[in-house]
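To start, the structure under review is shown below, and the notes come after it.
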Amino acid sequence: MAIDPSKIDRIVELARTYGATRLILFGSMAKTPSVARDIDIACDGVSGWKLYELAAKIEDELDVPLDIIPLHPATRLTMKIESEGKRLI
């Protein structure tokens with residue numbers, strides 16, 4: 001079952017409350033949302049345990065599987081996400 005795209009708006013709102021300065025959607029939800037089973041985001045501005053608190057809040061509130069990774073420090077993966085993903089913040 002596809003994920004409701006309106007959930008992305010709520011993810012952005014929650015990320016902003018945690019201080020996110022950049023948020024990038026990648027993976028199936030960014031490329032083919034009609035078949036996405038989870039949401040993959042990369043985040044900057046939320047560090048340490050706060051990043052995992054944000055992930056738990058999103059999963060609990062939206063009842064959707066979520067993968068979240070930090071954008072800092074930059075790696076080959078994060079650079080690929082930045083170039084190919086959809087910037088939300």
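The values are calculated or read from the model by the stated rules, or taken from the named source; none is laboratory data. Here the structure is a predicted model, which means the values were calculated and not measured. As a convention, Cβ positions derive from the backbone with ideal geometry for all residues, glycine included, and neighbour counts pool all protein chains shown.
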Subject >> Residue in region 46-55 that is at pLDDT below 95, among the β-branched types (Val, Ile, Thr) and outside any helix (DSSP H, G or I) present >> reply: no
**OP:** Pairs only if they're at least six apart or on different chains, beta carbon under 8 angstrom, first in region 1-20 and within 12 Å of Ile39 (Cα to Cα), second at pLDDT 95 or above and part of a loop (DSSP other than H, G, I, E, B); list them, first residue then second.
**Re:** Ile8/Leu88; Ile11/Leu88
Original post:
Within the bounds of region 56-69, is there any residue that is touching a residue at least 24 places away in the same chain (Cβ under 8 Å), surrounded by 12 or more Cβ atoms within 10 Å (Cβ to Cβ), part of a loop (DSSP other than H, G, I, E, B) and in contact with a Phe, Trp or Tyr (Cβ under 8 Å, 6 or more places away or on another chain)?
Top reply: no
Subject >> Residue list for region 26-45, filter: farther than 13 Å from Arg10 by Cβ and not in a helix (DSSP H, G or I) >> reply: Phe26, Gly27, Thr32, Ala36, Arg37, Asp38, Asp40, Ala42, Cys43, Asp44, Gly45
